[in-house]
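Colleague: Supplied in structure tokens, the structure appears directly below.
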Amino acid sequence: MDNNLRREIILDNYQNPDNRGLIEDDSYLKVNTNSESCIDNLDFMMKIEDGVVKDIRFDGEACAISTSASSIMTRSLIGKKVEEVREILVNYQNMINEKDYDSEVLGELNVYDEICKQPNRKNCALLPSVAVDKMLGELGNEK
Amino acid sequence: MHREDFPMLENDIVYFDNGATTLKSKRVVDSMDKYYLEHTSNIHRGDYDSAVITNELYDGTRDVVSHFINCDSREVIFTSGTTMSINMVVFGFMKYYLTDKDEVLLTKSEHASNILPWIVLAEEIGFKIKYIDLDDNYELTLDNVKKSITDKTKVISIAHVTNVIGDVRDIKSIGEICKKKNIILNVDGAQSVPHMKVDFKDMNIDFLSFSGHKMGGPTGVGVLVGRYELLEKMKPLCYGGGMNNYFEDDNSYELKEIPTRFEAGTPAIAEVIGLRSAILYLEDIGIDNIHKHEMELKKYLVDKLEKIDNITIYNKNSNSGIIAFNVDGVFAQDTSVFLNHYKIAVRAGNHCAKELKDVIGIKNTVRVSMYLYNNKEDIDRLVEALKNNKEIFNVVL
């Protein structure tokens, strides 16, 4: 991908993120990600109905990478089945961690395919996927 | 000053993260190498030559500390750092001193290590934690200290210099008030002892904590200085070798004298020796010269930063070499990653002062903290980089 295009997409999602802003609704799963390795602090909430992600929202203070990744990630996951979400998360995490991954399932999330060149930003890019992972884990516990 | 003494500076870096930790001079590292390569041995009771050398260096470091901050040598306890020192005060002394009727005064700009131990002990004992108000510059005034004191106030526990705003508290005046009112003054000296003259006796401090690695010394060693009468009432948090006179099968035991009884087990010997070199090095340069140098640099930096349109400085006037700022509309971490591209090391975050956000209304800042080896060229490089701040996202993304 062209570097300028990549930068433009990330910056646009940082400055005008989708799905930003939390709502009062107890039917959502909720998680806070206050990572030990960086200063990003985002809250996430996700609504799952009949095995499908109906909504994900986030809010908080974070850098350009994790804010934009949260915007793109939430947009990519809404409407997907839980199994599809898990597949996207695994492939996304593999991409960030420089392991084999299937770029086909990642769509717009491919803009972070070179973030591994900046090791200190990997956790920023991973933050939304860690958050969704945690919420899916909670879902597992409830069953 | 003395840049040639710090090998890391040969790598063409600008190091402005001295509030977190400082660079090490060759003299400090050499003294530790010498211990490891020429006279490795444990302290206490060694009869062979290398052990005698080590013992003299280790115990002699108490005299070096005592000269540096004006306390008695027997009031100097070696710890793993400021955090451990404050925890020893809270859980070794305050736990037996405070009751549920008492009040402890802190401020919201304290480091985590001077708030969290108090919160945990308060949970156990039930005393009340109160925060002394800060003024419009987020600084602590003597008036506000006086206003916060009630008949129930037993302790004031504050940093001498705070690690985000860098304001210098008037410890001597606060110490006088505390002495009159029988309040114990616990001072976190992590950001002051390395940078300015701290006089334990003259300032009427009861407990003083600081870390070696923030003053050019090694990590893993710090100091707790306590007024001797108080140390007599303090209990060790650790028990074991090196700190007892005897123990018997009828469960009787006797602990060693102060301060040895607070240093159970083999201590960080190499690190204490490194700390000794670090303090002697600072004394050679003169602590007042270091403070003066940092203040000149701070003024130089603030003057230049103020000329850049979209930068907000949070602590222009504080009397230390710490500057907290943000580029408007840019998250602090993005700014610090941007500066790293110019090989400039700064810190982004809340700097462990998590309650300060309630006061300044902003959680994260970029912090520049200076030390003796910084110079105007370092600042020029930072300012030139920040002038390009419109390019931040082109650089970091």
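Colleague: Note down all Cβ pairs under 7 Å where the first residue falls in the stretch B:90-116 and is farther than 16 Å from B:Gly126 by Cβ, the second is part of a helix (DSSP H, G or I) and among the acidic types (Asp, Glu), and they're at least six residues apart or on different chains.
Modeller: That search, which allows pairs on different chains as well, returns B:Lys108/B:Asp358.
Colleague: Of everything in the stretch B:1-34 that's touching a Ser or Thr at 6+ places or on another chain (Cβ under 7 Å) and in a helix (DSSP H, G or I), which residue is farthest from B:Val346 (Cα to Cα)?
Modeller: Here the answer is B:Ser31.
Colleague: Mind listing just one residue for me: the one in the stretch B:15-37 that is over 20 Å from B:Asn163 (Cβ atoms) and among the hydrophobic types (A, V, I, L, M, F, W, C) and, of those, nearest to the chain's Cα centre (by Cα)?
Modeller: Only one residue tops the list, namely B:Val28.
Colleague: Identify, please: which residue in the stretch A:60-94 is touching a Ser or Thr at 6+ places or on another chain (Cβ under 9 Å), more than 13 Å from every other protein chain (Cβ to nearest Cβ) and closer than 30 Å to B:Asn350 by Cβ and is, among those, surrounded by the fewest Cβ atoms within 10 Å (Cβ to Cβ)?
Modeller: A:Gln93
Colleague: Among the listed residues A:Leu29, A:Leu42, A:Leu11, which satisfies the condition of being within 14 Å of chain B (Cβ to nearest Cβ) and within 21 Å of A:Glu138 (Cα to Cα)?
Modeller: Going through A:Leu29, A:Leu42, A:Leu11 in turn, the sole match is A:Leu42.
Colleague: Next question, about the same structure. Pairs needed: first member in the stretch B:189-214, touching a residue at least 12 places away in the same chain (Cβ under 8 Å) and over 20 Å from B:Asp17 (Cα atoms); second member anywhere, among the charged types (D, E, K, R) and surrounded by 24 or more Cβ atoms within 10 Å (Cβ to Cβ); C-beta distance under 7 Å; at least 6 residues apart or different chains.
Modeller: That search, which allows pairs on different chains as well, returns B:Ser209/B:Asp188.
Colleague: Further question on the same structure: Test each condition in (1) buried (at least 22 other Cβ atoms within 10 Å of the Cβ); (2) more than 10 Å from chain A (Cβ to nearest Cβ); (3) not acidic (Asp, Glu) for B:Phe331 and report the one that comes out false.
Modeller: (2)
Colleague: Ok, one more. Which pairs turn up if I take residues in the stretch B:23-50 that are in the same structural domain as B:Val346 (by TED's automatic domain parsing) and more than 23 Å from B:Ser211 (Cα to Cα) and look for partners that are in a loop (DSSP other than H, G, I, E, B) and modelled with pLDDT of 95 or more with beta carbon separation below 6 Å, at least 6 apart in sequence or on another chain?
Modeller: Nothing qualifies.
Colleague: Give me the pairs: first residue in the stretch B:338-353 and within 10 Å of chain A (Cβ to nearest Cβ), second residue assigned to a strand (DSSP E or B), beta-carbon distance under 7 Å, and six or more apart or on different chains, which are they?
Modeller: The qualifying pairs are B:Arg347/B:Asp17; B:Arg347/B:Arg367; B:Ala348/B:Val366; B:His351/B:Arg367.
So that you can scan it fast, the table gives a plain yes or no per residue for (1) touching a Pro at 6+ places or on another chain (Cβ under 8 Å); (2) at pLDDT below 95; (3) of a type outside the set (Val, Ile, Thr); (4) on the phi < 0 side of the Ramachandran plot:
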position: B:Lys179; (1), (2), (3), (4): no, no, yes, yes
position: B:Ile184; (1), (2), (3), (4): no, no, no, yes
position: B:Val193; (1), (2), (3), (4): no, no, no, yes
position: B:Lys197; (1), (2), (3), (4): no, no, yes, yes
position: B:Phe200; (1), (2), (3), (4): no, no, yes, yes
position: B:Met203; (1), (2), (3), (4): no, no, yes, yes
position: B:Phe207; (1), (2), (3), (4): no, no, yes, yes
position: B:Met215; (1), (2), (3), (4): yes, no, yes, yes
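Colleague: Can you pull out the residues in the stretch B:103-119 that are assigned to a helix (DSSP H, G or I), touching a strand residue (DSSP E or B) at 6+ places or on another chain (Cβ under 8 Å) and under 23 Å from B:Ile322 (Cβ atoms)?
Modeller: Of everything in the stretch B:103-119, those that are assigned to a helix (DSSP H, G or I), touching a strand residue (DSSP E or B) at 6+ places or on another chain (Cβ under 8 Å) and under 23 Å from B:Ile322 (Cβ atoms) turn out to be B:Ser113, B:Asn114.
Colleague: Let me ask you something else. Provide a single number: the residues in the stretch B:120-161 that are part of a loop (DSSP other than H, G, I, E, B) and farther than 19 Å from B:Asn87 by Cβ.
Modeller: 15
Colleague: For the condition more than 30 Å from B:Ile258 (Cβ to Cβ), surrounded by fewer than 24 Cβ atoms within 10 Å (Cβ to Cβ) and modelled with pLDDT of 95 or more, what is the one hit in B:Thr83, B:Thr150?
Modeller: Within the list B:Thr83, B:Thr150, the selection yields B:Thr150.
Colleague: Of these, A:Asn4, A:Asn34, which one is at pLDDT below 95, surrounded by fewer than 17 Cβ atoms within 10 Å (Cβ to Cβ), more than 25 Å from B:Gly349 (Cβ to Cβ) and not aliphatic (A, V, I, L, M)?
Modeller: Exactly one of A:Asn4, A:Asn34 is at pLDDT below 95, surrounded by fewer than 17 Cβ atoms within 10 Å (Cβ to Cβ), more than 25 Å from B:Gly349 (Cβ to Cβ) and not aliphatic (A, V, I, L, M), namely A:Asn4.
Colleague: So, one more: Restricting the search to the stretch A:106-131, which residues are acidic (Asp, Glu) and more than 12 Å from chain B (Cβ to nearest Cβ)?
Modeller: Answer for the stretch A:106-131, where residues must be acidic (Asp, Glu) and more than 12 Å from chain B (Cβ to nearest Cβ): A:Glu108, A:Asp113.
Colleague: On to the next question. Across the stretch B:39-59, what is the total count of residues that are under 17 Å from B:Arg261 (Cα atoms) and part of a helix (DSSP H, G or I)?
Modeller: Looking only at that region, the number is 3.
Colleague: Further, regarding this structure: If I ask for residues that are within 13 Å of chain A (Cβ to nearest Cβ) and either among the polar types (S, T, N, Q) or part of a helix (DSSP H, G or I) (or both), which ones from the stretch B:388-397 would you list?
Modeller: Residues satisfying the conditions are B:Lys390, B:Glu391, B:Ile392, B:Phe393, B:Asn394, B:Val395, B:Val396.
The values are calculated or read from the model by the stated rules, or taken from the named source; none is laboratory data. No experiment lies behind these values; they were computed from the predicted model shown. Cβ sites come from the backbone with ideal geometry, for glycine too, and all protein chains shown count toward neighbours.
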